[in-house]
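Laboratory data are not the source of any read-out in this text; all were calculated from the coordinates shown. These figures come from a predicted structure and were not determined experimentally. We place every Cβ from the backbone using ideal geometry, glycine too, and count neighbours over all the protein chains shown.
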Amino acid sequence: MKVRRSERLIDMTRYLLERPHTLVSLTYFAERYASAKSSISEDLTILKKVFQARGTGILETIPGAAGGARFIPYILKEEAQEFIDEMTTKVADKSRVLPGGYVYLSDILGQPDILRQVGRVIATQYLNQKIDAVMTVATKGIPIAQSVATYLNVPFVIVRNDSKITEGSTVSVNYVSGSSERIKKMELSKRSLTEGANVLIVDDFMKGGGTINGMKTLIEEFDANLIGITVFAEASFVGNRLIDDYTSLLRVTNVSDSDKAIKVVAGNYLEKVFGAEV
């Protein structure tokens with residue numbers, strides 16, 4: 001049964017938003033709504049203009065027999081700035097200060113609306129790069145990795161500090177903790193990555209960079225490629241940080257255990273992605 005345009009537009013929008021980075025053919029939409037391809041093309045033109053005007057994302061339309069439409073989500077600079085400012089205020093609460101200079105983030109990164117925005121913000125940075133997998137380490141980085149992977153429409157893989165029988169055979173590496181300078185071990189299932197895969201590392205919090213450096217080593221063991229590193233928050237670190245090329249949404253510049261003082265500013269995300277002065 002033929003579907004009215006208003007209904008088509010609503011259903012097409014939902015379908016595309018749920019399948020980012022996926023090419024959907026005109027033939028599929030034409031058959032789904034029992035409509036001519038010319039009508040579907042007009043619908044896609046409408047959606048393309050609305051997505052762009054509202055900062056929802058890019059709707060690529062590809063001509064030809066093998067063509068169709070592909071939705072690529074992103075966030076506008078103004079909205080990203082507003083979100084980062086909001087997170088800066090939330091994190092800069094002295095009750096979040098933990099022993100050792102860490103900051104309590106679990107409640108913030110447990111909220112679905114915040115996680116959706118974090119995923120969208122990070123995915124925007126890698127808009128024009130081919131990502132095959134998002135990597136993080138258990139456990140705090142898992143929600144972030146899942147959100148980013150959803151917007152990029154790729155799998156996410158979890159590095160663990162102890163082996164699980166359900167992971168099967170694993171690849172393990174030793175790494176030096178950047179903050180405690182202790183030797184630790186991390187493992188990843190051999191089935192998690194393929195040779196030549198393009199991998200994005202994400203995490204919730206970085207101090208000395210030892211854990212992320214360990215993940216870099218794991219990627220090398222798989223003969224895969226590190227495309228980028230993005231963390232929700234970084235802390236000021238005295239000494240030689242093991243990671244120097246990374247992106248952070250927030251930067252914790254001062255944490256004091258004694259008087260529970262904390263200062264939080266924007267990280268380098270806006271500058272790296274939009275060229276903004278921060």
Multiply the residue separation of ARG32 and PHE237 by 0.36 nm, subtract the distance between their alpha-carbon atoms, and state the gained length in nm to one decimal. 68.3 nm
Residue-wise HN-Hα coupling along the range 267-275, computed from phi with Karplus coefficients 6.51, -1.76, 1.60 (Hz; x: Gly, Pro): x, 8, 4, 4, 5, 6, 8, 10, x
Taking every DSSP beta bridge with both residues inside the chain, roughly what % is antiparallel (nearest 5)? 55
Local charge sum around PHE222 (other residues, Cβ-Cβ under 10 Å, Lys/Arg +1, Asp/Glu -1)? -3
Taking the highest mean first, how do the peptides 264-274, 1-11 order by number of other beta carbon atoms within 10 angstrom per residue? 264-274, 1-11
Cα lying deepest toward the dipole's positive end in the chain, options ILE114, THR211, ILE72, charges on Cβ: ILE72
Please name which of GLY57, THR89, ILE262 has its Cα lying farthest along the dipole of the chain towards the positive end, using unit charges on Cβ (Lys, Arg +1; Asp, Glu -1) and the Cα centre as origin. GLY57
With charges only on Cβ, +1 for K and R and -1 for D and E, what is the dipole size of the range 200-273 about its Cα centre, in debye, rounded to 20? 320
So for the chain, averaging the separation of alpha carbon pairs under 8 Å that are six or more residues apart and normalising by length, what relative contact order in percent results? 14
If we sort 190-199, 165-174, 251-260 on the protection proxy, mean other Cβ atoms within 10 Å, highest first, what's the order? 190-199, 251-260, 165-174
Per the helix-only calculation at 222 nm, which mean residue ellipticity applies to the chain, given -39500 (n - 2.57) for every DSSP H run of n ≥ 4 and division by its residues, nearest 500 deg cm²/dmol? -11000 deg cm²/dmol
What is the distance in Å between the Cα centroid of the range 1-78 and that of the range 194-250? 35
Using the Karplus curve 6.51 cos²θ - 1.76 cosθ + 1.60 with θ = phi - 60°, work out ³J(HN,Hα) for each residue of the range 194-201 in order, rounded to whole Hz, and write x for Gly and Pro. 10, 4, x, 5, 9, 10, 10, 9
Enumerate the amide H contacts of LEU226 below 5 Å, restricted to partners 5 or more residues apart or on another chain; note that Pro and chain-start residues carry no placed amide H. VAL199
Once you charge only the Cβ atoms, +1 for Lys and Arg and -1 for Asp and Glu, what is the size of the charge dipole of the chain about its Cα centre, to the nearest 20 debye? 640
Please go through the residue pairs LYS216/LYS263; LYS140/LYS190; LYS140/LYS260; LYS130/LYS207; LYS130/LYS190; LYS207/LYS272 and name each one whose alpha carbons sit more than 25 Å apart in this structure. LYS216/LYS263; LYS130/LYS207
